[in-house]
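Read through the structure below, which is laid out as structure tokens, and then see the notes.
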There are 2 protein chains.
Amino acid sequence: MTDNENLDPTMQAVHDSMLDGLGQLADYFGFNRVIGQLYAALILSPEPLSLDDMVNSLGKSKASVSMNMRTMEHLGIVREVWVRDTRKKYYEAETDMWKILTNVMGSRELRDIDRALDVLQHNIEQLREKMPDLGDEEKTLAKHYIDRIDQLSDFFKFARMVLTSILKYGATFDMTELIEQNGGDD
Amino acid sequence: MTDNENLDPTMQAVHDSMLDGLGQLADYFGFNRVIGQLYAALILSPEPLSLDDMVNSLGKSKASVSMNMRTMEHLGIVREVWVRDTRKKYYEAETDMWKILTNVMGSRELRDIDRALDVLQHNIEQLREKMPDLGDEEKTLAKHYIDRIDQLSDFFKFARMVLTSILKYGATFDMTELIEQNGGDD
């Protein structure tokens, strides 16, 4: 079920370019490069792929393919599908980009923003508690710390709000329609 | 001008927590960890810092501090300021988070999205040109490739539109006000 044997050279080049490009993109967003490559191999294949197919297609170890596929399954980027007359596991890609965005952001970006906000809030509280014990000079510096940390905190609250709105609003409309309305094809 | 000598332990802990936290955040977004640490040191200092001050504060080499400060100056995250009676260079942080977002996104994220779109478009064109020469089976596969690449392309166009809108809209309002309206302080 690999789609790499005797493939027309142009199609092979496009296939490789997509694996390479999505690999770079995954790397850029802090994921393992193999995750992008696996996603590309899966969306370009008209049929579900087994772990062996992906090992052949990427030239990576079975351990690496299997570990990264587990991460992707957990993130809701790929899913296992049933294939008749085989005991091998087969997988297909989630192609609804909104689902992927929601799954990845929901499980990672929003959680990271919340963690950052917790640290900032904790630091502000510590400074406020300590304030009465400080000398005049340190009090001035502590107030400066609080102002600056507050400012960062506002920014993260805003970022959380933007992300939440995108996810909430995004699920409700047709992406292609919106792009056309906005002249996205220029 | 370092603010680390004889500092109250709570304030020192907050100082270190901020350097550590923004360092992690920078790392997470694909920047050098030192960039986050330098930004934290600069926003927490009530006065501009020299390269030597930052070397002391971070415990990093002068080469690393100097290289990362150049990157930050280039990105518009820090700026050189004039300090009376010294030939040393002093720096302060840009604290307008919108400016930082616009500078970083404008110079990096949008450019990366455009590059990804170019690659996708190039791949689609190559497949369309090759199409007449392909056998029936490969033609079907090529059409499948085009559909899937088109779908990714739509997603990147949408992402570009969202980023552009955030940057355009974001510059025009008061962030704090918006957060308060949206109950960001819960």
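Quick notes on this structure:
- For segment B:87-96, backbone phi angles converted through the Karplus equation (6.51, -1.76, 1.60; θ = phi - 60°) give residue-by-residue couplings of 9, 5, 8, 10, 10, 10, 8, 6, 9, 7 Hz, Gly and Pro being listed as x.
- Considering all different alpha carbon pairs of the protein assembly as shown, the Kirkwood hydrodynamic radius works out to 23.6 Å.
- Each peptide in A:132-145, B:147-160 was scored by the mean count of other Cβ atoms within 10 Å over its residues; highest first, the order is B:147-160, A:132-145.
- Each residue of segment A:56-69 was assigned a 3J(HN,Hα) from its phi angle through the Karplus expression (A = 6.51, B = -1.76, C = 1.60, θ = phi - 60°), giving 4, 5, 9, x, 10, 5, 4, 4, 5, 4, 5, 5, 5, 5 Hz with x at Gly and Pro.
- The residues of the protein assembly as shown present an accessible area of 53 Å² per residue when probed at 1.4 Å with all protein chains retained.
- Share of carbon and sulfur in the accessible heavy-atom surface of the protein assembly as shown [1.4 Å probe, %]: 49 percent
- Interchain or long-range residues, amide H under 5 Å from B:SER50's placed H: B:TYR91
- Calculated from backbone phi, Karplus (6.51, -1.76, 1.60) coupling profile of segment A:144-156 in Hz, x at Gly/Pro: 4, 4, 4, 4, 5, 5, 4, 4, 4, 4, 4, 5, 5
- Computed over chain A, relative contact order equals 14 percent, with contacts defined as Cα pairs under 8 Å that lie 6+ residues apart.
- Dipole size of the protein assembly as shown about its Cα centre, with +1 on Lys/Arg Cβ and -1 on Asp/Glu Cβ: approximately 680 debye, rounded to the nearest 20.
- Shape of segment B:1-108, Cα gyration tensor, a/c cut at 1.5: oblate
- A loss of 50 Å² or more of accessible area (1.4 Å probe, protein heavy atoms, ligands and nucleic acids excluded) relative to the isolated chain is seen in these residues of segment B:13-40: B:VAL14, B:MET18, B:TYR28.
- For chain A, a crude dipole built from +1 on the beta carbon of Lys and Arg and -1 on the beta carbon of Asp and Glu, taken about the Cα centre, is about 760 debye to the nearest 20.
- In this calculation the C-beta distance from B:ASN103 to A:ASP20 is compared with R0 = 45 Å, giving a FRET efficiency of 0.95.
- Prolate/oblate/rounded label for segment B:28-82 (Cα gyration tensor, a/c 1.5): rounded
- Cross-link pairs A:LYS143/B:LYS89; A:LYS139/B:LYS99; A:LYS62/A:LYS88; A:LYS60/B:LYS143; A:LYS99/B:LYS157; A:LYS89/A:LYS168 - those with Cα-Cα distance over 22 Å: A:LYS143/B:LYS89; A:LYS139/B:LYS99; A:LYS60/B:LYS143; A:LYS89/A:LYS168
- With only Cα atoms counted, chain A has Rg and Dmax values of 23.4, 79 Å.
- When B and A come together, around 5400 square angstrom of accessible surface is lost from both chains combined, probe 1.4 Å.
The values are calculated or read from the model by the stated rules, or taken from the named source; none is laboratory data. Quick caveat: nothing in here was measured; it's all calculated off a predicted structure. Heads up, the Cβs are rebuilt from the backbone with ideal geometry, glycines too, and the neighbour counts pull from every protein chain shown. These accessible areas exclude ligands, DNA and RNA; they are computed on the full protein's heavy atoms, side chains included. Shrake-Rupley method; radii C 1.70, N 1.55, O 1.52, S 1.80 Å.
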